[in-house]
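Some notes on the structure that comes next.
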Amino acid sequence: MKILFLFTYNKGLLSDFFMDLGQQLIEDGHEVKVYSLKEHPGKYKVGSLEIIVEEKGGYVSDYFQIFKCIKEISPDVIISNFSYANPSMLAGKILNIKRNIVWVHSLKKHGDPGHYVIIIKRQFYKLADKIIVNSHILEKELKEVFHVRGSKIIPIPFWSNIQEVKPKLIEIEETRDQFLIGCPGRFTIIKNQQVIIKAIASAKANASKELKFYLAGDGPNRKNLEIQVSELNLREEVNFLGVLSAGQMVDFYNKMDLIILPSLFESFGLVFIEALSLGIPVLVSERFGALDFVDKENTEVKQILFDPEDPEALAQKIADIVSLESIDRNFYKTLYREHFKKEKIYREVLEVLIE
């Protein structure tokens, strides 16, 4: 089977997931190529995976480039996402590609498209054979907003490869009388880091250890977060680390006593399963799409969930965890293995490709 992936090839987590999926398919005897549009064109080989990068242009030229690529490669299966989806669905239909698959990752809330864009997208989705989504939240949105038939939508989670990344040390002071809390992610209102800062301001007075909060990332809301930290007199407790590399992120996770993920909504949330896979204790917003694949009524799972708009409740959960003599990290690893195991997810994807 000849498979063509169309996505933006970079060092991001999403790109890494598709690269690993491509390598797995090659090991199973399939021919796989990756096509990407970027500022600097080129051809690369990563392992056995061939990557074709062409120069990104305007709207019309990108449609033409993608059509030309699909015609020349003539794959049996197309898998596309984001800005590649519409031209790939159209080209696949015109060229009679056997399987035209779109992988949808983001909620309407993240981009808030206008009514005109929604109408256009509804027409393009009709051209896809299957649409893979990473949560039931996305499945519901495709049905209700974009009028996609339920039989066309397949919910499949991601897996994480962070266990295979070599750690790269970052300088974080660690002492026995401190409790280190981390939050990775882009600084935006939706990512909601501000609720953790409020919670730490409430929790620090009654905590049995000194709380230290580390934010890994950057973004347009950084200035507002810095102002909030100053106003709450938390300059000693809160630290901004900036954007970290994959290796630095591994060290970041491993140094933290607790990871808090407070997004107001998240279509999936790769950071959640990264922390789980490394066995790092996590408190996660109940609005994470990845939670659709676990039993949220399980008593132990309930204990790691919180309302992202309730800083006082979060402060209590932080205080409760800090007071524990020890934390069972195997619970988090088991949660990952039972619900986000690579082998299981790969089989689910493969079933969609060869159906």
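Any read-out appearing in this document is the output of simple, stated calculations on the displayed coordinates, not a laboratory observation. The model shown is predicted, which means the values in this text are computed figures rather than measured ones. All Cβ positions, even for glycine, are placed from backbone atoms using ideal geometry, and neighbour counts span all protein chains on display.
The table below gives the values:
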{"item": "Cα-only Debye scattering, segment 163-339: base-10 log of I(q)/I(0) at q = 0.16 Å⁻¹", "result": "-0.96"}
{"item": "Simple spin-label estimate for Asn224 and Glu348 in nanometres, 7 Å along Cα-Cβ", "result": "3.3"}
{"item": "Selection from Ala201, Val34, Gly289 lying farthest towards where the dipole of the chain points positive, charges on Cβ", "result": "Val34"}
{"item": "Within segment 263-319, GluC sites (Glu not before Pro) in DSSP loop having at most 12 other beta-carbon neighbours inside 10 Å", "result": "Glu286, Glu297"}
{"item": "Alpha carbon convex hull of segment 122-194, projected area averaged over orientations, nm²", "result": "8.8"}
{"item": "Coil-residue trypsin sites (Lys or Arg not before Pro) of segment 48-143, DSSP, other Cβ within 10 Å capped at 16", "result": "Lys56, Lys98, Lys126"}
{"item": "Nearest 10 degrees, 0 to 90: helix 311-322 Cα axis against the chain principal axis", "result": "70"}
{"item": "MRE, 222 nm, helices only [DSSP H, n ≥ 4, -39500 (n - 2.57), over the chain, to nearest 500]", "result": "-12000 deg cm²/dmol"}
{"item": "For mean projected area of the Cα convex hull in nm², calculated from these coordinates, the label among [x] 18.4; [y] 21.9; [z] 16.8", "result": "[x]"}
{"item": "Relative contact order (%) - the chain, alpha-carbon pairs under 8 angstrom, separation at least six", "result": "14"}
{"item": "Relative contact order of segment 163-339, defined on C-alpha pairs under 8 angstrom at six or more residues apart (%)", "result": "27"}
{"item": "Too-long pairs where the Cα-Cα distance tops 20 Å, listed order kept, from Lys2/Lys98; Lys68/Lys126; Lys296/Lys341; Lys130/Lys333", "result": "Lys68/Lys126; Lys130/Lys333"}
{"item": "Alpha-carbon centroid distance for the pair segment 1-72 / segment 211-287, whole angstrom", "result": "31"}
{"item": "Taking Met249, Met19 and counting other C-beta atoms within 10 Å, the order from fewest to most", "result": "Met19, Met249"}
{"item": "Packing-based exposure ordering (other Cβ within 10 Å, fewest first) of Ile327, Ile97", "result": "Ile327, Ile97"}
